[in-house]
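The structure appears right after this line, and notes come after that.
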Amino acid sequence: MADFPRLMHTALDTEDARGLAEFYRELLGLHYRPGDEPPAEDTVDDADWLVLLDGDGIRRLAFQRVDGPLRRSTWPSHEVPMQLHVDYRVPTLAELERHRDRALALGAQVLLDRTDDEDEALVVLADPAGHPFCLLVAP
């Protein structure tokens, strides 16, 4: 059987690598790759590339600082499409609502709220840099 390429991580372009990494670190309970931790308070943070790992040390997300401005998705309008989005599943509607509220407190914006959909409860949010992502109830 042939070996196939495996997903290493998903990289997101942003004007603020540290800010977006902090958003997802808090939202998903991830931690920095050794050496990517925030610098001491009295030091300038000029991070161009940061990687977040899960509890098993597996790369999950990376953040690349780019000169902006980036064009934010206008979804659900197709003027500027999503281009890419990530789906995160949670086990119950209560957990969906809890994580939606956490995301909002961390700086996300709601793009679509279908938490009342009995067949597929979900919410589409934009992270602070405008990247859409979904939280949905799934087994």
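The values are calculated or read from the model by the stated rules, or taken from the named source; none is laboratory data. In this text, all values refer to a predicted model and were calculated from it rather than measured experimentally. FYI the Cβ positions are ideal-geometry reconstructions off the backbone, even for glycines, and counts take in every protein chain you see.
When Thr92, Thr43, Thr115 are screened for being hydroxyl-bearing (Ser, Thr, Tyr), without any contact (Cβ under 8 Å) to a residue 24 or more places away in the chain and out of contact with any Leu (no Cβ under 8 Å at 6 or more places or on another chain), only Thr43 passes. Scanning the stretch 60-71 for residues that are modelled with pLDDT under 90 and surrounded by 13 or more Cβ atoms within 10 Å (Cβ to Cβ) gives a single hit, Leu70.
For the stretch 84-95, check the following and say yes or no: at least one residue is within 16 Å of Ala21 (Cα to Cα) and basic (Lys, Arg). No - not one qualifying residue is present in the stretch 84-95. (1) part of a strand (DSSP E or B); (2) surrounded by 13 or more Cβ atoms within 10 Å (Cβ to Cβ): which one isn't true of Asp87, the others all being true? It fails just one condition, (2).
If the requirement is being part of a helix (DSSP H, G or I), within 14 Å of the chain's Cα centre (by Cα) and hydrophobic (A, V, I, L, M, F, W, C), which of these qualifies: Leu96, Leu50, Leu104?
Going through Leu96, Leu50, Leu104 in turn, just one is part of a helix (DSSP H, G or I), within 14 Å of the chain's Cα centre (by Cα) and hydrophobic (A, V, I, L, M, F, W, C): Leu104.
Within the stretch 23-56, the residues that satisfy the criterion of being among the small types (Gly, Ala, Ser) and within 29 Å of Asp101 (Cβ to Cβ) are Gly29, Ala47, Gly55. Among the criteria (1) touching a residue at least 40 places away in the same chain (Cβ under 8 Å); (2) part of a loop (DSSP other than H, G, I, E, B), the one Cys134 does not fulfil is (2). Condition check for Asp56 on (1) in a loop (DSSP other than H, G, I, E, B); (2) of a type in the set (Asp, Glu); (3) at pLDDT below 95: one failure, at (3).
Among the residues of the stretch 104-111, is any touching a residue at least 60 places away in the same chain (Cβ under 8 Å) and surrounded by fewer than 18 Cβ atoms within 10 Å (Cβ to Cβ)?
Yes: the stretch 104-111 contains one or more residues that are touching a residue at least 60 places away in the same chain (Cβ under 8 Å) and surrounded by fewer than 18 Cβ atoms within 10 Å (Cβ to Cβ).
Scanning the stretch 1-27 for residues that are exposed (fewer than 15 other Cβ atoms within 10 Å of the Cβ) and in a helix (DSSP H, G or I) gives a single hit, Glu26.
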